[in-house]
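What follows is a single structure, written as structure tokens, with notes after it.
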């Protein structure tokens, strides 16, 4: 099925890249000070399918909460996830984390299912 461009635009929302805070630069200067952000590819914004919800695993920062200097493994660094559910995950109680601190296996780290 082919949808018109306006239909696709209505299904996604452009938001500021959480990983680089909209600067388009690598926030950790790992490769160099002029390196592009690997999440938004230097644009400063990313598209997320609607409805969106702030990522509970990274707290919306886009950074991996486990301490590594890489994007969040749940939201991919965007800071938000597509989530149409309103029921908190019964396993992680909406935290998105399992007992060992990794993403919850039931909800995938989103916190809702």
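The values are calculated or read from the model by the stated rules, or taken from the named source; none is laboratory data. Only a predicted model underlies this, so the values are computations on that prediction, with no experimental measurement involved. No Cβ is skipped: glycine too gets one built from the backbone with ideal geometry, and neighbour counts run over all protein chains shown.
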Next item on the list: Would you mind finding the one in 63, 93, 25 that is surrounded by 14 or more Cβ atoms within 10 Å (Cβ to Cβ) and either more than 16 Å from the chain's Cα centre (by Cα) or modelled with pLDDT under 90 (or both)?
Entry: 25
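Residue under question is residue 40, and the condition is that it be buried (at least 19 other Cβ atoms within 10 Å of the Cβ), out of contact with any strand residue (DSSP E or B) (no Cβ under 7 Å at 6 or more places or on another chain) and at pLDDT 95 or above; does it hold?
Numbers: buried (at least 19 other Cβ atoms within 10 Å of the Cβ): yes; out of contact with any strand residue (DSSP E or B) (no Cβ under 7 Å at 6 or more places or on another chain): no; at pLDDT 95 or above: yes.
Considered against the rule, which asks whether it is buried (at least 19 other Cβ atoms within 10 Å of the Cβ), out of contact with any strand residue (DSSP E or B) (no Cβ under 7 Å at 6 or more places or on another chain) and at pLDDT 95 or above, residue 40 comes out as no.
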Checklist line | Matching residues in region 45-60 - criterion: being part of a loop (DSSP other than H, G, I, E, B) and surrounded by fewer than 18 Cβ atoms within 10 Å (Cβ to Cβ) | finding: 50, 51, 59, 60
Check: So how many residues does region 69-104 have that are more than 27 Å from residue 11 (Cα to Cα) and part of a loop (DSSP other than H, G, I, E, B)?
Finding: 11
